[in-house]
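The structure appears right after this line, and notes come after that.
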Amino acid sequence: MTQPSQNRLPGSEGEHHVQRVMGTAERAARFYRDQMLDHLNPAMKEFIAHQEMLFIATADGRGECDSSFRAGPPGFVHVIDDRTLAFPEYRGNGVFASAGNVTQNPHIGLMFLDFFHNRIGLHVNGRVKIMEDEALRPHVPSLPLPQMPGQRAQMWMLVQVEEAYIHCRKHIPHLRKVGAEESWGTDDTLRKGGDFFEAKRENEARREAVVAEAPRMDGRHRRVEEHAGQGYTVGAESSRGWYGRS
């Protein structure tokens, strides 16, 4: 969603178009009017202070999207004031997809979901910038400190709130926490999930197949080049077919 001007509704032109097509414009207008704020009210701030999970959505400069999950002890997302919050980027796989996106496109969407108590959600949309702990903490001394080894913020995502609104509980499941030992900052493959979706196995098999195929393909390439000298044409398309994406 986008921040409204004084003369129009919140949200994008696209969502307004779909509302008109689906006949829900009046219902959507009531939601905008009754449920959307451009800041965090006391109830929202208290809700965020108790959350241990956060889902985030970002996009790069071309609009290519990414969604990600964050977790931490209650209060790891720190509300600074009515229009500002910060959450830490802990040590992970080193890809930094979300951080990379926001260096190109500052828009971010946050989703807090309470599966355990009230079964309710809170959307927070806004703009974000990356700040180092050493640069932010002098201005926000109340930032949470690490509670155990490995739980140190590599950087902070500082979010300027533009929209805050409810996510209804209708389809949020009621879950029960059973407790688990956290492994902050670990590089242990099994503790991080191992190859649960077998992507590593699939990629290794693909690479092995390419290596096994290479001698035969090289021989074929040489034979075709020999024939090319006898009147055959070896085009670029053929080369891409042999040596393209594996």
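If the requirement is being at pLDDT below 85, not in a loop (DSSP other than H, G, I, E, B) and not aromatic (Phe, Trp, Tyr), which of these qualifies: 187, 218?
Working: 187 fails: not in a loop (DSSP other than H, G, I, E, B).
Exactly one residue qualifies, and that residue is 218.
For the stretch 34-54, check the following and say yes or no: at least one residue is under 15 Å from the mean Cα position of the chain (by Cα), touching a residue at least 12 places away in the same chain (Cβ under 8 Å), under 24 Å from residue 146 (Cα atoms) and crowded, with 16+ Cβ neighbours inside 10 Å.
Within the stretch 34-54, one or more residues are under 15 Å from the mean Cα position of the chain (by Cα), touching a residue at least 12 places away in the same chain (Cβ under 8 Å), under 24 Å from residue 146 (Cα atoms) and crowded, with 16+ Cβ neighbours inside 10 Å.
Does residue 33 count as more than 21 Å from residue 118 (Cα to Cα) and at pLDDT below 95?
When the stated conditions are applied, residue 33 passes them.
Give just the number: which of (1) closer than 30 Å to residue 179 by Cα; (2) open to solvent by 40 Å² or more (accessible area, probe 1.4 Å); (3) among the charged types (D, E, K, R); (4) in contact (Cβ under 8 Å) with a residue 60 or more places away in the chain does residue 162 not satisfy?
(1)
Yes/no matrix, rows are residues, columns are (1) outside any strand (DSSP E or B); (2) at pLDDT below 95:
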residue	(1), (2)
14	yes, no
17	yes, no
21	yes, no
57	no, no
68	no, no
80	no, no
86	no, no
95	yes, yes
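Among the residues of the stretch 135-158, is there at least one that is buried (at least 18 other Cβ atoms within 10 Å of the Cβ) and closer than 26 Å to residue 10 by Cα?
yes
Go through the residues of the stretch 111-121 one by one and say whether even a single one is open to solvent by 10 Å² or more (accessible area, probe 1.4 Å), within 14 Å of the chain's Cα centre (by Cα) and modelled with pLDDT of 95 or more.
Yes, there is a match, as at least one residue in the stretch 111-121 is open to solvent by 10 Å² or more (accessible area, probe 1.4 Å), within 14 Å of the chain's Cα centre (by Cα) and modelled with pLDDT of 95 or more.
Let me confirm something: among 64, 89, which residue is among the acidic types (Asp, Glu) and either exposed (fewer than 13 other Cβ atoms within 10 Å of the Cβ) or farther than 30 Å from residue 148 by Cβ (or both)?
Exactly one residue qualifies, and that residue is 64.
Condition (residue is over 21 Å from residue 51 (Cα atoms), at pLDDT below 95 and not polar (S, T, N, Q)) applied to the stretch 164-173: is it met by at least one residue?
No, there is no match, as no residue in the stretch 164-173 is over 21 Å from residue 51 (Cα atoms), at pLDDT below 95 and not polar (S, T, N, Q).
The values are calculated or read from the model by the stated rules, or taken from the named source; none is laboratory data. Not measured: the values here are computed from a predicted model. Positions of Cβ are generated from backbone atoms using ideal geometry, with glycine treated the same way; all protein chains shown enter the neighbour counts. Please note that ligands, DNA and RNA were not included when accessible areas were found on the heavy atoms of the full protein model with its side chains. Shrake-Rupley method; radii C 1.70, N 1.55, O 1.52, S 1.80 Å.
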